[in-house]
């Protein structure tokens, strides 16, 4: 499944041009076309020896994040991937093997391949097993950062199934009642097909925000609001994003779990969910967990663990009946009384889908530092064409 | 699996007497023994014609909630169950049937039986299927309120499996960017076995708090803190719990999802999770969903939908290796730097388990209104013995 398939999809007709992550101030951004950008990232990966098939997968996952308006997980990560290859943390010729296969479950050893390559293989197996058994679960060890989790869940949706993806990741988040980075942002992504696009796409870090949000705020010179980050003494901090990002990276601050500090507003729930994701995708898979999980640019293989599951709707109900029921459900949500401070009532996935449609029709805005870094990287690894700049509109 | 099995379990040795929900002020509480209380609820159910087997199940689930210190889901609900039987919303002779069976999945029609009776049957099937296929999913339609979700997940733990339970429920919670009650508190409960008790028990409403918390605050005359509830104009309210409870019941206020009001601290994540729980346990099961879901004391059958899943650890890893890894994980959590305002670093389930051990050894504290209501109910349905009061300590 590559992005061409989305291209013709009809989305929400009410909004013709929607930007979840508007390129403001516009002088800081360049526009690029989706096709150019994907080809450019593909060529960079080819330039460091990644196979054609694998380069396509990694480029596809990265560029989908930019299309969805999740630039923190988009092509700005390319240099890390290249660096991971150079350091030997990413094995570009992995022997990805199913090491356990029991009924509707399997365990895959990713042999330190790209998380995206391992993830696509694992979700394919989960889909196949769900078609046969109704539900499935595939766990993965010895993998790397795999980009946006919802990519894999979306693979299931294109087959008419529900997809569930989760992963652990390197330490950033404090467990409830503690003050250190211990858990990853350990996201959960669930995608559910609808009769017409957009599908339902729930993709959420189990922390209040992913660290990428602070990276973007830092790039934009924005101020971090109160409630996202805690310092080493357990006090909530806010303000200058660049300074806070450095504190988090040094380990002098930690992201807060969904539900925030302490138990009053549910910090035990967010950190409990993250802990469960880690126990299943990290502990049960045989991967590393919590603060042991490495980074792609670390000094050893990251050994990230993933979880993939698919649910065969037709095992329980005809697709047609399910789609009818989902349409009614969504109609009811949209008819609720809107909060006076809210712009709109959103179904999970709509913002990403509309942004994708807008960006496919027009351009993907890249922050100039991201554009410049990408082009520099391209030159270094021998990409011999120029990534064309488009008008931002 | 009845509660006798827990009785001999060794728990955390550090805390000999722990109360998650201390009976304060003590003059408002009576103590009762676990065995007496379970027998009393059993006899009440027998008194309204429920079969011996089913009365045992319902009493067991209710009393486990009281043992765990979750009194909102405990025997204080007995009168609702009896009322549900009297109104015909609960069918005490249900024909609980598997209406679809496909590989590792099944769909059960609960025929409006007690949620507990249907739930135990459904989780038994999920366990059986997980043993055979590695993972399983059983959905349920035409059921009722089933008490604490973690009861069913714990059934899987007693078989050495991981248990996952979720359910929809009647409307109490606002979807993000809206101001009305629409979603239920739609809890997710995941139980993971360990070498020694307590198992890991994660059981969380997808709202910040379950409504039962406000009921208890109301009983105790406590003040609701800011952040749990929103009024019909979308403003956060706090203060007198009795007044707020009445507003929620009338529909003039709604509980907030995990993550709170709006999107800044993740209200879209909590309400998104709740929405997903509803789409799978309500929509895909063929049950009712969101504000359509009835109550056991309503004017028609509730048609609640449930989700049950089990994961066979040994499909992926030997139990012994898994237990070793979990022990190391928990040791690492316990060794983290504690937040200066936190009493202790807790693993999900520890508070409930310690409270159970304390209450099994000593007594279950019942609020005097709960005790009095229960005894009145007992007399009404012909229970001919007195529920003995114990000293509170």
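Computed from the coordinates by the stated procedures, all read-outs in this text should not be read as laboratory data. As the structure is a prediction and not an experimental result, all values here were calculated from the model. Cβ placement follows ideal geometry from the backbone for every residue including glycine, while neighbour counts extend to all protein chains displayed.
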Exercise for review: Go ahead and run the numbers for FRET between residue B:51 and residue A:291, Cβ-Cβ distance against an R0 of 35 Å, rounding to 0.05.
Suggested key: 0.10
**Study point:** Rg(Cα)/(2.2 N^0.38 Å) for chain A, N = residue count
**Key:** 0.96
Check your understanding: Of all the residues in chain A, which one has the C-beta that comes nearest the axis relating A to B, and what is the distance in Å?
Key -> A:104, 2
Point to revise | Copy-to-copy label separations for residue B:390, where each label sits 7 Å from Cα toward Cβ, in nm and ascending | key: 7.2
Revision key, fill the gap. Given all pairs of distinct Cα atoms, the protein assembly as shown yields a Kirkwood Rh in Å of 26.8
Review point. Given the options A:117, A:61, A:176, which has the most mean-square fluctuation in a GNM of chain A, springs set between C-alpha atoms less than 10 angstrom apart?
Key: A:176
**Study point:** Cα gyration tensor of segment B:249-391 - equivalent ellipsoid semi-axes, whole Å, descending
**Key:** 34, 30, 21
Review point. How long are the three semi-axes of the equivalent ellipsoid of segment A:83-231, in whole Å, if each is the root of 5 times an eigenvalue of the C-alpha gyration tensor, listed from largest down?
Key: 29, 21, 15
Revision key, fill the gap. With a Förster distance of 22 angstrom and the Cβ-Cβ distance between residue A:376 and residue A:26, calculated FRET efficiency to the nearest 0.05 equals 0.45
Study note, to complete from the structure: Log entry: pair-distance distribution for segment B:153-268, C-alpha pairs binned every 5 Å from zero, whole % per bin is 2, 12, 20, 19, 15, 11, 9, 7, 3, 0, 0
Study note, to complete from the structure: Calculated from DSSP helices alone, with each H run of at least 4 adding -39500 (n - 2.57) and the total divided by the residues of chain B, [θ]222 nm to the nearest 500 comes to -11500 deg cm²/dmol
Exercise for review: Evaluate the Debye formula for segment A:246-302 with equal point scatterers sitting on the alpha carbons, no solvent, and hand back log10 of I(q)/I(0) at q = 0.13, 0.15, 0.26 Å⁻¹, in q order, two decimals.
Suggested key: -0.44, -0.58, -1.05
Practice item. Could you work out the equivalent-ellipsoid semi-axes for segment B:209-255, taking the square root of 5 times each eigenvalue of the Cα gyration tensor, largest first, in whole Å? Key: 16, 10, 9
Revision key, fill the gap. With Cα springs under 10 Å, the Gaussian network model of chain B assigns the largest mean-square fluctuation among B:108, B:192, B:236 to B:236
Revision key, fill the gap. Label points for residue B:17 built 7 Å along Cα→Cβ; distances to same position in the other copies, nm, shortest first, come to 7.1
Check your understanding: Given the C-alpha centroids of segment B:343-369 and segment A:61-80, what is the distance between them in whole angstrom?
Key -> 47
Practice item. Counting only C-alpha contacts under 8 Å and six or more residues apart, can you give the relative contact order of chain A as a whole percent? Key: 25
Practice item. Round to a whole angstrom and tell me the spacing of the C-alpha centers of segment A:202-229 and segment B:140-204. Key: 29
**Study point:** Shielding by partners, peptide A:201-209 (average Cβ within 10 angstrom, other chains)
**Key:** 4
Review point. Please state the relative contact order of segment B:209-255 as a whole percent: Cα pairs under 8 Å, 6+ residues apart?
Key: 38
Practice item. Please sort A:367-376, B:345-354 by packing, taking for each peptide the average over its residues of neighbouring beta carbons within 10 angstrom, highest first. Key: B:345-354, A:367-376
Practice item. Would you mind giving the mean number of other chain beta-carbons within 10 Å of the Cβ of each residue in B:346-352, as a whole number? Key: 3
Review point. Between copies, how far does the label point of residue B:160 sit from its twins, in nm, shortest first, when each point is 7 Å from Cα along Cα→Cβ?
Key: 3.8
